[in-house]
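Q: Mind looking over this structure? Questions follow.
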């Protein structure tokens, strides 16, 4: 296992299942909400999945299954790749509670078996804070490209590098390329006296040009790039979505 991945696996297997229950409710409660309108659970990307039935979809770094389960309910054959067994536990319970199925493979993304999954998927879906967990972005994009069938599509959504700088009030250097330690995403959901016990994650930050150029260098054809406002409609670029074809 890649050393950065080993560090991040330790962090994401510390009380993650407890956090998902705290934030999203039990898998049974979360499933009931998703079942009311699976497409709506895909939020700003729901319009991109109008013809997903029967498609082989890889949800990389798919976390607790909150996107994989709606996709499965819409008829996709979904495989999640994620590093955390705690995430897997919640996701599989969520799928069972929604009366659907998905494959969930706990692995370092760098260690995916290409004999089995090379050129296998019609669609890749990645969303949320993902890219900063991979210190070799070109290698990561090469893995994504190799997973797709010819003619396959990638939907990649992540935090906008400019939004990160704006929200940091100048504390983060936009061009900082060094690996650094950071807080696991859900640490702040726990009491202050508990937070000292949380393992750090290992992250590397990227510029927008780093991200765009890595997509192009991997061989993808860039089809569309969208920027999104903050979660509370703040007038800053908070997230982005890349659509690309193989």
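The values are calculated or read from the model by the stated rules, or taken from the named source; none is laboratory data. This one's a predicted model, so the numbers in the text were calculated from it and none came from an experiment. No Cβ is skipped: glycine too gets one built from the backbone with ideal geometry, and neighbour counts run over all protein chains shown.
Q: Is one or more of the residues making up the range 151-162 in a loop (DSSP other than H, G, I, E, B) and either surrounded by fewer than 12 Cβ atoms within 10 Å (Cβ to Cβ) or in contact with a helix residue (DSSP H, G or I) (Cβ under 7 Å, 6 or more places away or on another chain) (or both)?
A: No, that holds for no residue.
Q: For a quick check of your reading of the model, give me the residue pairs whose first member lies in the range 182-204 and is part of a helix (DSSP H, G or I), whose second is buried (at least 18 other Cβ atoms within 10 Å of the Cβ), with beta-carbon atoms closer than 6 Å and at least 6 apart or on different chains.
A: Short answer, once both residue conditions are applied: 189/19; 195/187.
Q: Out of curiosity, is residue 203 over 19 Å from residue 45 (Cα atoms) and touching a helix residue (DSSP H, G or I) at 6+ places or on another chain (Cβ under 9 Å)?
A: yes
Q: Right, another one. Among the numbered conditions (1) surrounded by fewer than 18 Cβ atoms within 10 Å (Cβ to Cβ); (2) in contact with a helix residue (DSSP H, G or I) (Cβ under 7 Å, 6 or more places away or on another chain); (3) closer than 21 Å to residue 124 by Cβ, tell me where residue 45 comes up short.
A: Answer for residue 45: the failing condition is (2).
Q: So, one more: Need pairs with beta-carbon distance below 8 Å; first residue at positive phi and modelled with pLDDT of 95 or more and within the range 52-74, second part of a strand (DSSP E or B) and buried (at least 24 other Cβ atoms within 10 Å of the Cβ); sequence gap 6+ or separate chains.
A: Once the first residue is at positive phi and modelled with pLDDT of 95 or more and sits in the range 52-74, its partners that are part of a strand (DSSP E or B) and buried (at least 24 other Cβ atoms within 10 Å of the Cβ) give 61/82; 63/82; 65/80.
Q: Hey, could you check the range 77-94 for residues that are farther than 13 Å from residue 12 by Cβ and in contact (Cβ under 8 Å) with a residue 40 or more places away in the chain and say which is surrounded by the most Cβ atoms within 10 Å (Cβ to Cβ)?
A: Selected residue: 94.
Q: Moving to a separate point now. How many of the residues in the range 128-141 are crowded, with 20+ Cβ neighbours inside 10 Å and outside any helix (DSSP H, G or I)?
A: 1
Q: While we're here: Right, residue 115: over 18 Å from the mean Cα position of the chain (by Cα), over 25 Å from residue 19 (Cβ atoms) and modelled with pLDDT of 95 or more or not?
A: Answer is yes for this residue.
Q: Among the residues of the range 175-218, what is the count of those that are exposed (fewer than 14 other Cβ atoms within 10 Å of the Cβ), over 16 Å from residue 16 (Cβ atoms) and out of contact with any strand residue (DSSP E or B) (no Cβ under 9 Å at 6 or more places or on another chain)?
A: 10
Q: With respect to residue 2, determine if the residue is closer than 22 Å to residue 148 by Cα and surrounded by fewer than 20 Cβ atoms within 10 Å (Cβ to Cβ).
A: no
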